[in-house]
C-alpha cells in the first residue's frame with residue numbers, strides 16, 4: 001500500500017485526523033445542536049387560530065434540523081465515509097462517556113445481535129404512522145429527550161456504546177452502507193501487530209496520568225478510550241463495525257494504521273449477510289421502498305391494499321390499520337419483493353433424473369443463506385435509493401434554512417409564507433429537469449454495482465459458480481430496479 005493513498009500521511013489532513021480535539025469539538029457542537037433542537041421544539045405543536053394540521057413541519061428549528069438536515073444528511077455521510085457519523089454522534093459520545101464511570105456490565109446474550117435494534121426501527125415507523133411523529137416539533141423534542149436519557153441510563157449500566165447497539169437503527173443502517181463506502185481503516189502490516197506486545201490499541205486497563213507544573217504535580221487514574229465497539233485493528237476485514245473513531249490511530253505505538261481509498265462496494269462478500277443483519281435489512285428494504293413509492297399513487301395503493309382490506313374486513317379503524325401496515329411493510333412486503341429471485345433459485349435446484357428412479361438424496365435446501373446473499377446483492381441499489389430520497393428532500397427543503405435560522409420557533413415564518421403571504425415560498429435548488437437525470441444516474445450506479453455483486457455472491461466456497469444464485473440475484477436486482485425506476489419515471493418524467 002503506497003503512502004500516497006494513506007490519508008494519515010497527507011500534510012495537514014493527517015495531523016488533523018490524528019488529533020482528538022477536532023472530533024471532541026465536533027461532538028460537543030453536535031450535542032449543543034441536539035439540545036437546541038429539543039429546546040426549540042418543546043411545546044411547539046401548532047399555531048393557535050391557524051387551521052393547518054402541521055404548520056411547523058418545515059419552519060420549526062427542531063423539525064427542520066432533525067428530520068431534514070440530520071436524518072437526510074447522514075445518508076450522504078454514510079455513502080462516502082461509512083460509519084464515520086458514529087464518531088461525531090452526540091448520543092453515542094454521551095453514552096460512551098457515561099459508560100466509563102458506570103457499572104461497565106457486559107450486555108447479556110439475549111440483547112446482543114440485531115433483534116433489539118430491528119424492533120426499535122419497527123416501533124419508530126409505527127410512531128410515524130400513528131402519531132405523525134415527524135410532523136410536530138413537540139413530538140420531535142420528546143423523542144430527542146428520551147434518546148438523551150436512554151443514552152445516559154444505558155451508559156450507567158453497560159460498558160462501551162450500548163445505546164448504539166440496542167436502540168440506534170441509524171448506526172445499523174450505516175453498518176450496512178459502510179460496506180460500500182470508498183474509505184477503509186486497516187493495518188499496514190499484520191505481522192507488526194502480531195509482534196506487538198504492548199497492544200495499546202485494545203488496552204482497557206486504567207492508566208496513571210500525571211500533570212506537573214514546576215515542582216507541583218497531580219496524578220490520577222483514567223481509562224483509555226479504546227475502541228467503542230471492541231474491534232481489534234488487525235482483525236478488521238470489512239467496514240461494517242468500524243466507526244472511524246481513530247482511537248487506534250492515536251494509540252498505536254508502531255504507526256501501523258492506514259486510512260485509504262478503495263473501490264465502491266469493496267466489502268460485498270459472497271457469503272452474504274448473517275441471519276440477524278438480514279432481518280434488519282428486510283425491514284429497512286420494506287420501509288424504504290414503501291416510502292420511496294409514496295409519490296406514485298398506483299404503486300402506493302397496491303402496496304397497502306392488503307393490510308387496508310384486512311382492516312376493513314375486521315372493522316378496524318386507523319388504529320388497527322397502522323399496526324397491520326407496519327407488519328406488512330416491514331416484513332411481508334420485502335419478502336414479496338425477494339420472491340421472484342428466490343423462486344428463480346429454487347427452480348435452478350430442481351434435479352431431473354431418468355428412469356423414474358430416485359437418485360441419491362440431495363442436500364437440504366436452506367433459504368436463510370440465500371436471502372442473506374440476496375440482501376448483500378441489493379445493498380448498493382437500496383443505498384442509492386436512500387440517497388435519491390435524501391437528494392429530493394434537500395433539493396426541495398434546503399431553501400427553508402435561512403427562515404429557520406431567523407425564526408427558530410417557525411411561527412412567524414409560517415404566517416409570513418402561508419397566511420399573510422409577505423414572503424415567497426422557498427424554491428428548489430436545481431430544476432426538476434436536471435434533478436430527474438441526476439436521480440436516474442444515481443440509481444443506475446446502484447443497479448450496476450448490484451449486478452456486479454451478483455457475480456461475486458454466485459461463487460460457492462469450493463470455487464464453483466452457482467448459476468441459480470447468479471440468476472436469482474439478477475432477478476431480484478431487476479425487480480427492485482424496475483420498481484424504483486417506475487416511481488422516478490412517474491414522479492419526474494410524467495408530470
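Screening the candidates 68, 50 for the property of being in the same structural domain as residue 134 (by TED's automatic domain parsing), in a helix (DSSP H, G or I) and either surrounded by fewer than 23 Cβ atoms within 10 Å (Cβ to Cβ) or in contact with a strand residue (DSSP E or B) (Cβ under 6 Å, 6 or more places away or on another chain) (or both) yields one hit, 68.
I'd like to know if region 462-471 contains one or more residues that are farther than 22 Å from residue 177 by Cα, within 26 Å of the chain's Cα centre (by Cα), crowded, with 20+ Cβ neighbours inside 10 Å and in the same structural domain as residue 388 (by TED's automatic domain parsing). No. Restricting attention to region 308-337, the residues that are part of a helix (DSSP H, G or I) and either over 17 Å from residue 287 (Cα atoms) or not assigned by TED's automatic domain parsing to the domain that holds residue 281 (or both) add up to 9.
Screening residue 287 with (1) surrounded by 20 or more Cβ atoms within 10 Å (Cβ to Cβ); (2) within 19 Å of the chain's Cα centre (by Cα); (3) over 18 Å from residue 132 (Cα atoms) gives one miss only, at (3). The one condition from (1) surrounded by 19 or more Cβ atoms within 10 Å (Cβ to Cβ); (2) over 30 Å from residue 258 (Cβ atoms); (3) touching a helix residue (DSSP H, G or I) at 6+ places or on another chain (Cβ under 6 Å) that residue 181 does not meet is (2). Hey, can you tell me all the residues within region 274-287 that are touching a residue at least 60 places away in the same chain (Cβ under 8 Å) and either under 20 Å from residue 387 (Cβ atoms) or not in a loop (DSSP other than H, G, I, E, B) (or both)? Residues satisfying the conditions are 275, 276, 277, 278, 279, 280, 281, 282, 283, 284, 285, 287.
For region 290-307, residues that are in a helix (DSSP H, G or I) and either at pLDDT below 90 or surrounded by fewer than 16 Cβ atoms within 10 Å (Cβ to Cβ) (or both) total 8. As a summary of the residue check, residue 441 satisfies the conditions (1) surrounded by 15 or more Cβ atoms within 10 Å (Cβ to Cβ); (2) part of a helix (DSSP H, G or I) except for the one numbered (1). Within the bounds of region 24-34, is there any residue that is free of Cβ contacts under 8 Å to residues at least 12 places away in the same chain, out of contact with any helix residue (DSSP H, G or I) (no Cβ under 9 Å at 6 or more places or on another chain) and at positive phi? No; the residues of region 24-34 include none that is free of Cβ contacts under 8 Å to residues at least 12 places away in the same chain, out of contact with any helix residue (DSSP H, G or I) (no Cβ under 9 Å at 6 or more places or on another chain) and at positive phi. Considering the conditions (1) in contact with a helix residue (DSSP H, G or I) (Cβ under 8 Å, 6 or more places away or on another chain); (2) surrounded by 13 or more Cβ atoms within 10 Å (Cβ to Cβ); (3) farther than 30 Å from residue 426 by Cα, residue 103 is excluded by exactly one of them, (2). Inspect all residues belonging to region 244-258 and state whether any of them is outside the structural domain of residue 385 (by TED's automatic domain parsing), assigned to a strand (DSSP E or B) and in contact (Cβ under 8 Å) with a residue 24 or more places away in the chain. Within region 244-258, one or more residues are outside the structural domain of residue 385 (by TED's automatic domain parsing), assigned to a strand (DSSP E or B) and in contact (Cβ under 8 Å) with a residue 24 or more places away in the chain. Counting only helices (runs of 4 or more DSSP H) that fall entirely inside region 154-200 and contain at least 2 residues that are within 28 Å of residue 98 (Cα to Cα), the qualifying elements are 162-167, 169-177.
Summed over region 106-121, the residues that are touching a helix residue (DSSP H, G or I) at 6+ places or on another chain (Cβ under 7 Å) and surrounded by fewer than 19 Cβ atoms within 10 Å (Cβ to Cβ) give a count of 6.
When region 173-200 is limited to residues that are touching a strand residue (DSSP E or B) at 6+ places or on another chain (Cβ under 8 Å) and farther than 30 Å from residue 375 by Cα, the one that is modelled with the highest pLDDT turns out to be 188. Within region 383-410, residues that are on the phi < 0 side of the Ramachandran plot and outside the structural domain of residue 431 (by TED's automatic domain parsing) have Cβ atoms under 7 Å from residues that are part of a loop (DSSP other than H, G, I, E, B) and at pLDDT 95 or above in no pair, counting only partners at least 6 apart in sequence or on another chain.
For residue 488, state whether it is under 13 Å from residue 384 (Cβ atoms), crowded, with 17+ Cβ neighbours inside 10 Å and either touching a residue at least 60 places away in the same chain (Cβ under 8 Å) or in contact with a strand residue (DSSP E or B) (Cβ under 6 Å, 6 or more places away or on another chain) (or both). Against the criterion (under 13 Å from residue 384 (Cβ atoms), crowded, with 17+ Cβ neighbours inside 10 Å and either touching a residue at least 60 places away in the same chain (Cβ under 8 Å) or in contact with a strand residue (DSSP E or B) (Cβ under 6 Å, 6 or more places away or on another chain) (or both)), residue 488 qualifies. Criterion applied to 137, 228, 206, 169 was being modelled with pLDDT under 90 and in contact with a helix residue (DSSP H, G or I) (Cβ under 7 Å, 6 or more places away or on another chain), and the one residue passing it is 228.
The values are calculated or read from the model by the stated rules, or taken from the named source; none is laboratory data. Everything numeric here is computed off the predicted structure, so don't read it as measured data. Note that we place each Cβ from the backbone using ideal geometry, even for glycine, and neighbour counts take in every protein chain shown.
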